1. Using a 1.4 Å probe on the protein heavy atoms only, what accessible surface does GLU144 show? Give it in Å² to the nearest 10.
2. Give me the percent relative contact order of the chain, please, defined on Cα pairs under 8 angstrom at least 6 residues apart.
3. In square angstrom, what is the accessible area per residue of the chain with a 1.4 angstrom probe?
4. Could you sort out which of LYS25/LYS242; LYS15/LYS320; LYS65/LYS228; LYS30/LYS327; LYS52/LYS271 sit more than 22 Å apart by Cα distance in this structure?
5. What are the radius of gyration and Dmax of segment 58-157, computed over its Cα atoms and given in Å?
6. Quote the charge dipole size of the chain about the Cα centre in Debye, to the nearest 20; the model charges only the Cβ of Lys and Arg (+1) and of Asp and Glu (-1).
7. Once the piece of chain linking ASN142 and LYS317 is laid out straight, how much longer is it, given 0.36 nm per residue of separation minus the C-alpha distance between them?
8. First check a/c for segment 79-131, with a ≥ b ≥ c the square roots of the eigenvalues of its C-alpha gyration tensor; if it is under 1.5, answer rounded, and if not, answer prolate when a/b is larger than b/c or oblate otherwise.
Amino acid sequence: MLQVVKECILYGIDKQMLPTDYFRKYLYRKDVINYKNYLSLNEFYQIIGSRKMVFPEVTSILANKLSFYNHCVNLNIPTPTLISYNFNIRWFCNNEIKIITSKESVLQFFQYVFRDSQTEILFLKPTLGEGGQGCFLLKKENLESQIESIYTALISNSYVHQAYVEQHDTINGIFSNSVNTIRIDTYIDTNNEAHVLSALMRFGTGNTFTDNTHTGGFYISLNLESGKLQGVGRQDIVEGGKEITHHPNSQLVLDGFQIPFYKEAFQLALKASNALPNRIVGWDVAITDQGPILLEGNESPSLHVTDVACGGYLNNKYIKEILLELKK
């Protein structure tokens, strides 16, 4: 305890702020080699809030799921197929507009969509949402009961309705209820060359259909050279901060697990980085049997998560380069 108190005080002095991240990032744990190698909250905001790093015109595309989809399609970047979408009571499918103001009309709309698209599952997410909040998994088999429960949310907001991603069989072997994604942080240097900063894998747990940490999921580092999971998985601190060696559902060992198509996933993130050139972005990539597919880009990536996963971002030469540039 004395060591924790000492380090906490020194971390606060070194970072010149309240040492909240000392606890949020588990820096009190014995496996942390150097607690000063981790970003402070000030450094985090310094990076993602800089107009040298983040540009409003690019951010507006990343933040809007409909704009993001159209931009990816125009540049042949693989992304989940958009089947339909809605702006409140105005619904769009196959270049047609419908005004929908009743549960029966919503039910008829999706019955048509499922029949026309020949799909069994749709993934609905808010056009301007983030972090997996407000998403719905809509299944053809029990459509009527689902519409009953989500109707109000649908017509009160804007949603994109996408084809559900069927992930790679080996990823399903770890956890099949959610699409488990690779978070890849990229950085564009002052010579306009894109680099992969770090990568981690996120997994859902229990009955959740998203892999986000605040819905019960966890994350684990992905080795950039080998494409293997490494170390232990971690829950977010507000979810309990548990360390995970085996997936809670499948009991498969995580450390050393080989992720397929990891090189292709990194190349896809680099391509996306050049297409949507905020200088730092967190990309969510799913792995299918045919290869990687880009789900979305995060203009404000959760650097505190990748900071923990990779053992301290201040060990990363590109992060050092960013902070040095921002100090000038």
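The values are calculated or read from the model by the stated rules, or taken from the named source; none is laboratory data. It should be emphasised that the depicted structure is a prediction, and the values quoted were computed from it without experimental measurement. Backbone-built Cβ (ideal geometry, glycine too); neighbour counts: all protein chains shown. Quick note on the areas: whole protein, heavy atoms, side chains included, nothing else; ligands and nucleic acids left out. Shrake-Rupley method; radii C 1.70, N 1.55, O 1.52, S 1.80 Å.
1. 130 Å²
2. Values: 592 pairs, mean separation 63.3, N = 328.
Computed over the chain, the figure is 19 percent.
3. 47 Å²
4. On the way: LYS25/LYS242 12 Å; LYS15/LYS320 15 Å; LYS65/LYS228 30 Å; LYS30/LYS327 32 Å; LYS52/LYS271 20 Å.
Pairs exceeding 22 Å: LYS65/LYS228; LYS30/LYS327.
5. Spelled out, the Cα radius of gyration and Dmax of segment 58-157 are 13.6, 39 Å.
6. Details: 29 positive and 33 negative charges, 153 e Å.
Approximately 740 debye in magnitude.
7. Values: separation 175, 0.36 × 175 = 63.00 nm, distance 5.08 nm.
Length gained, ASN142 through LYS317: 57.9 nm.
8. Values: a/c = 1.60, a/b = 1.11, b/c = 1.44.
Verdict is oblate for segment 79-131.
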